[in-house]
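Here the structure is laid out as structure tokens; the discussion comes afterwards.
The values are calculated or read from the model by the stated rules, or taken from the named source; none is laboratory data. Everything quoted here is computed from the prediction, not taken from an experiment. Cβ: placed from backbone, ideal geometry, glycine included. Neighbour counts: every protein chain shown.
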Amino acid sequence: MLSTMTLPTLLVANRGEIACRVLRAAKKLGLPNVAVYSEADKDAPHVKQADKAVFIGPPRAAESYLRGQALIDAAHQTGATLLHPGYGFLSENAEFASLCRSSGIQFVGPPSEVITLMGDKEEARRAAMRAGVPVLPGSSKLPVDDPQAIEAAGQATGFPLLVKASAGGGGIGMRVVQSADQLLAAVEATSGMALKAFGDGAVYLERMVQRARHVEIQVFGFGDGSAVHLFERDCSLQRRHQKVIEEAPAPVIPDALRSAMAAAAVQLAESCSYAGAGTVEFLYYAAAGEFFFLEMNTRIQVEHPVTEMISGVDLVACQLRLAMGADLSEELSQARIKASGHSVEARVYAENPAKNFIPSPGPLTTLQLPEMENVRYETGYEQGSRVTPFYDPMILKVVAHGPNRDAAIDLLDKALSEMRIEGIATNVAYLRAILASPGFRAAEVHTNYLAQAHAQLLE
């Protein structure tokens with residue numbers, strides 16, 4: 001706990017499980033704290049857990065959690081001078097980070113200039129190349145109204161390829177293009193979705209690596225040109241480019257390549273004087289023993305608990321402490337950061353896998369989570385809560401830690417089997433099918449694994 005003489009009030013500019021997670025870290029540090037909530041979240045656990053709570057608008061995110069000025073007003077109203085954005089919403093919005101700074105509020109994250117750099121995927125690729133980090137062949141931003149230029153960029157990149165939103169993340173709008181005759185329609189569709197989601201319709205092309213794994217490095221920068229890594233996570237199990245199960249450390253990667261990937265991530269973080277927790281994402285092509293830069297996320301990740309479980313480092317508390325001016329360089333020196341055991345996380349969603357994973361909003365008439373040693377739950381719900389259609393349908397994350405990978409998987413499966421969630425459909429049975437699948441058990445997975453095993457998993 002910090003000295004009460006210097007404690008600022010923290011405003012948590014988010015909702016759900018990440019708001020509860022940040023509030024837990026704030027209480028651990030003794031920070032006075034404030035939650036914000038929309039009409040849909042007036043009875044949510046994060047509202048009850050905070051010292052104070054401020055209403056910010058109607059249920060839709062565009063009218064509440066995405067209104068930067070409403071969040072600033074809530075901070076001023078409560079005397080909060082520290083703001084944690086969580087993930088999603090405005091967490092990677094450079095204009096909001098800049099607005100916080102100009103409003104006398106410390107944004108928990110890197111400076112707006114770094115968010116801008118890494119938020120523009122073309123500029124991020126250039127930054128990676130300048131830092132000596134390998135990148136996939138790809139294009140610059142495409143002139144979406146010039147078919148000939150688009151077709152030329154496609155031929156130069158090579159097929160199959162991905163059309164990606166330049167301002168986006170999280171796989172939103174990403175499209176696979178197998179051949180040239182599909183390219184123009186994919187560019188038009190991705191650009192339209194990017195414009196709606198991010199207010200920026202710019203897109204670019206990137207070579208698609210078949211049967212690649214998605215491996216990301218957790219970095220922490222000190223804002224002075226130095227940074228460390230806290231090992232890697234394997235996030236290859238994805239459905240529609242959204243992660244489903246994550247684990248740390250990543251299995252079956254040669255130690256030399258593992259070290260090279262971590263070193264590349266630290267080089268990139270140091271090259272932009274990164275401050276706080278961030279994630280550098282790579283595609284790992286095991287058949288060739290190569291890895292390529294994908295993007296850098298300038299925020300805490302959904303899957304950060306698996307890193308915390310193997311390292312013993314409270315990443316969110318470190319974010320807050322760094323933002324308050326603490327010198328963490330000694331306690332977070334690379335030599336002192338150690339990994340122990342293995343951790344696996346599963347995301348439990350209110351959705352119906354048998355009906356094409358359609359969201360399943362409704363009341364959680366039962367939500368009972370078994371207490372188990374080395375099992376951690378992260379949730380923004382409680383029994384009696386209602387999952388609304390306004391936000392992401394994730395109910396909770398279940399995180400297990402064991403002395404080795406098999407033990408961690410077995411423990412996670414046991415926790416999933418013993419929890420009780422009633423009132424809505426969930427993907428729990430689907431998650432357990434993944435954990436039991438031979439390919440996952442053998443760590444022979446890739447980013448298309450779930451799509452290829454879809455029928456068997458639903459059985």
Of those in the range 405-434 that are under 24 Å from the mean Cα position of the chain (by Cα) and of a type outside the set (A, V, I, L, M), the residue farthest from LEU458 (Cα to Cα) is ARG405
With the first residue restricted to the range 134-152 and required to be touching a residue at least 60 places away in the same chain (Cβ under 8 Å), and the second required to be in a loop (DSSP other than H, G, I, E, B) and loosely packed, with under 15 Cβ neighbours inside 10 Å, Cβ contacts under 7 Å at 6 or more apart or on different chains are PRO137/GLY158
Evaluate the following for GLN49: is it over 29 Å from VAL306 (Cβ atoms), surrounded by fewer than 23 Cβ atoms within 10 Å (Cβ to Cβ) and not assigned by TED's automatic domain parsing to the domain that holds ARG321? no
If we keep only residues of the range 201-216 that are in a strand (DSSP E or B) and of a type in the set (A, V, I, L, M, F, W, C), then the residue farthest from GLN178 (Cα to Cα) is VAL215
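Only one of SER417, SER360 is more than 28 Å from VAL215 (Cβ to Cβ) and surrounded by 14 or more Cβ atoms within 10 Å (Cβ to Cβ); which?
Of SER417, SER360, the one residue that is more than 28 Å from VAL215 (Cβ to Cβ) and surrounded by 14 or more Cβ atoms within 10 Å (Cβ to Cβ) is SER360.
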Take the conditions out of contact with any Phe, Trp or Tyr (no Cβ under 9 Å at 6 or more places or on another chain), surrounded by fewer than 22 Cβ atoms within 10 Å (Cβ to Cβ) and of a type in the set (Asp, Glu) and apply them to GLU345. Does it pass?
no
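If the requirement is being without any contact (Cβ under 8 Å) to a residue 60 or more places away in the chain, on the phi < 0 side of the Ramachandran plot and over 23 Å from the mean Cα position of the chain (by Cα), which of these qualifies: SER64, SER103?
Being without any contact (Cβ under 8 Å) to a residue 60 or more places away in the chain, on the phi < 0 side of the Ramachandran plot and over 23 Å from the mean Cα position of the chain (by Cα) holds for just one of SER64, SER103, which is SER103.
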By residue number, the members of the range 73-100 that are surrounded by fewer than 24 Cβ atoms within 10 Å (Cβ to Cβ) and free of Cβ contacts under 8 Å to residues at least 24 places away in the same chain are ASP73, GLN77, SER98
Matching residues in the range 442-459 (under 14 Å from GLU247 (Cβ atoms) and in a helix (DSSP H, G or I)) number 1
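Residues checked against (1) more than 24 Å from GLN301 (Cα to Cα); (2) among the aliphatic types (A, V, I, L, M); (3) at pLDDT below 90:
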| residue | (1), (2), (3) |
| --- | --- |
| PRO137 | yes, no, yes |
| LEU162 | no, yes, no |
| GLY171 | no, no, yes |
| SER179 | yes, no, no |
| GLY199 | no, no, yes |
| HIS214 | no, no, no |
Kindly check whether there is at least one residue in the range 111-124 that is hydroxyl-bearing (Ser, Thr, Tyr), out of contact with any His (no Cβ under 9 Å at 6 or more places or on another chain), within 30 Å of ALA61 (Cα to Cα) and modelled with pLDDT of 95 or more.
yes
*Got at least one residue in the range 80-90 being of a type outside the set (S, T, N, Q) and over 20 Å from the mean Cα position of the chain (by Cα)?*
yes
Checked ALA265, ALA288 against criteria (among the small types (Gly, Ala, Ser), surrounded by fewer than 22 Cβ atoms within 10 Å (Cβ to Cβ) and either closer than 23 Å to HIS214 by Cα or more than 22 Å from the chain's Cα centre (by Cα) (or both)); the one match is ALA288
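Residue-wise test of (1) in contact with a helix residue (DSSP H, G or I) (Cβ under 7 Å, 6 or more places away or on another chain); (2) assigned by TED's automatic domain parsing to the domain that holds SER437; (3) surrounded by fewer than 20 Cβ atoms within 10 Å (Cβ to Cβ).
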site	(1), (2), (3)
LYS164	yes, no, no
VAL177	yes, no, no
GLN182	no, no, yes
ALA186	no, no, no
THR190	no, no, no
VAL219	yes, yes, no
ALA227	yes, yes, no
CYS235	no, yes, no
GLN238	yes, yes, no
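For (1) polar (S, T, N, Q); (2) out of contact with any Gly (no Cβ under 7 Å at 6 or more places or on another chain); (3) within 26 Å of PRO403 (Cα to Cα), each residue gets a yes or a no:
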{"position": "ALA260", "(1), (2), (3)": "no, yes, yes"}
{"position": "TYR285", "(1), (2), (3)": "no, yes, no"}
{"position": "PHE291", "(1), (2), (3)": "no, yes, no"}
{"position": "ARG299", "(1), (2), (3)": "no, no, no"}
{"position": "GLU303", "(1), (2), (3)": "no, yes, yes"}
{"position": "ALA317", "(1), (2), (3)": "no, yes, yes"}
Of the candidates GLU281, GLU308, the one satisfying the condition of being within 22 Å of ARG405 (Cβ to Cβ), within 19 Å of the chain's Cα centre (by Cα) and surrounded by fewer than 20 Cβ atoms within 10 Å (Cβ to Cβ) is GLU281
**Message:** Being modelled with pLDDT of 95 or more, surrounded by 15 or more Cβ atoms within 10 Å (Cβ to Cβ), assigned to a loop (DSSP other than H, G, I, E, B) and of a type in the set (Val, Ile, Thr) is the requirement here; does ILE245 meet it?
**Reply:** no
